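Input: a single structure, listed below in structure tokens.
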Amino acid sequence: MIDETAHFYRADLTAGALKLPESRVIADLLLNRVDAAGWKDAIMTKNVLQARNPATARRLTKLIRGRLETMGPDLWSLVRDAKGEIATQAVFAAAVKHSHLLGDFLEIVVGEQHRRFSTALTNKLWDDYLDGCRERDRHMPLWSETTRRRLRSSVFQMLAQARYIENTRNLKLQNVHIADLVLDYLKTNNETYVLHCIQVAL
């Protein structure tokens with residue numbers, strides 16, 4: 001049950017899309033139970049994320065670690081060790097749980113377009129969705145047009161990386177087969193919301 005007093009629509013998606021290579025690195029640190037000093041050494045000293053500067057490294061770490069920590073070690077192992085498509089779907093599942101802005105867009109908009117047999121998403125669908133978010137979250141921040149566009153760009157990038165759309169230019173909808181390993185993890189851990197969101201094309 002969502003706490004209606006909380007800001008459950010956040011703009012942290014603008015920090016990046018799925019970032020699979022970086023997510024593999026963060027998953028490895030989580031699986032190895034690295035302590036605070038180890039995190040600082042890996043991220044800031046060794047620059048394991050290969051970030052351009054310390055601020056970017058901190059921002060990426062906060063985003064990716066926040067996503068992955070919504071899930072457990074079995075999913076982290078998929079992120080770190082599985083082949084590209086499975087690892088991508090595992091990261092995407094964590095991103096959906098971490099961000100209701102992404103998850104609800106899948107459920108409300110992408111799902112509806114599949115039911116209508118629409119062939120593609122549009123920028124207007126995103127704009128209308130954001131306007132409607134305020135009805136679901138009365139504490140939602142008032143975002144500038146620049147932030148709204150950056151959020152749209154990040155969400156569409158993630159949908160393309162997870163193959164829900166063909167690419168970010170034509171936004172053509174595609175059916176996605178979710179890997180059994182990812183589905184098994186989500187079902188075992190009762191991730192009902194995430195399962196519903198990622199299977200919108202069914």
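The values are calculated or read from the model by the stated rules, or taken from the named source; none is laboratory data. Everything quoted here is computed from the prediction, not taken from an experiment. Note: ideal-geometry Cβ built from the backbone for every residue, glycine included; neighbour counts use all protein chains shown. For the accessible areas, the whole protein counts, side chains as well, though only heavy atoms, and no ligand, DNA or RNA atoms are used. Shrake-Rupley method; radii C 1.70, N 1.55, O 1.52, S 1.80 Å.
For region 108-118, take each phi angle, set θ = phi - 60°, evaluate the Karplus expression 6.51 cos²θ - 1.76 cosθ + 1.60, and give the result in whole Hz per residue in order, putting x for glycine and proline.
The phi angles translate into 7, 9, 5, x, 5, 5, 5, 5, 7, 6, 5 Hz.
What does the convex hull of the Cα atoms of region 14-80 come to per residue, in Å³, rounded to a whole number? Provide the component values of the computation, followed by the final result.
Details: hull volume 5.2 nm³, N = 67.
Residue-normalised Cα hull volume stands at 78 Å³.
Express the relative contact order of region 30-120 as a whole percentage, based on alpha carbon pairs under 8 Å and six or more residues apart in sequence.
19
Carbon-plus-sulfur fraction of the accessible area of the chain, 1.4 Å probe, in percent?
C and S atoms contribute 49 percent here.
Rounded to the nearest whole Å², what accessible area per residue is found for the chain with the 1.4 Å probe? Numbers along the way, then the final one.
Working: 10750 Å² over 202 residues.
Result: 53 Å² of accessible area for each residue.
Any idea what log10 I(q)/I(0) is at q = 0.30 Å⁻¹ for region 59-102, Debye with uniform C-alpha scatterers and no solvent?
Log10 I(q)/I(0), no solvent term: -1.09.
So what does Val79 come to for accessible area, using a 1.4 Å probe and Å² rounded to 10?
Here the accessible area works out near 0 Å².
Eigenvalues of the Cα gyration tensor times 5, then square-rooted: what semi-axes does that give for region 1-142, in whole angstrom, largest first?
30, 18, 14
Using modelled backbone amide H atoms (1.01 Å from N, in-plane), which distant-in-sequence or interchain residues come within less than 5 Å of Ile165's amide H?
Those qualifying (amide H under 5 Å, at least 5 residues apart or on another chain) are Ala160, Gln174.
Would you kindly find the accessible area of His196, with a 1.4 Å probe and non-protein molecules such as ligands, DNA and RNA excluded, rounding to the nearest 10 Å²?
110
Can you work out the Karplus-derived ³J(HN,Hα) for every residue in region 18-31? Use 6.51 cos²θ - 1.76 cosθ + 1.60 with θ = phi - 60°, whole Hz, and x for glycine or proline.
The phi angles translate into 6, 6, 4, x, 5, 5, 4, 5, 5, 4, 5, 5, 5, 5 Hz.
Which residues make up the longest stretch of the chain that has no chymotrypsin sites (Phe, Trp or Tyr not before Pro) in a DSSP loop with at most 16 other Cβ atoms within 10 Å?
Maximal segment without exposed cleavage sites: 1-116.
Mind checking the angle between helix 84-98 and the chain's longest principal axis? C-alpha axes, 0 to 90 degrees, to the nearest 10.
70
Taking amide H atoms as placed 1.01 Å from N in the peptide plane, list the residues 5 or more away in sequence, or in a different chain, whose amide H sits under 5 Å from that of Ala120.
Under 5 Å from the amide H of Ala120 lie the amide H atoms of Leu173, each far enough along the sequence or on another chain.
I'd like the distance separating the alpha-carbon centroids of region 171-202 and region 58-88, in whole Å.
16
So which GluC sites (Glu not before Pro) in region 132-202 end up in coil per DSSP with only 16 or fewer other C-beta atoms within 10 Å?
On the way: sites: Glu135, Glu145, Glu166, Glu191; in loops: Glu166, Glu191.
Those that pass, being in a loop and sparsely packed, are Glu166.
How large is the accessible surface of Lys172 in square angstrom, using a 1.4 angstrom probe and rounding to the nearest 10?
100
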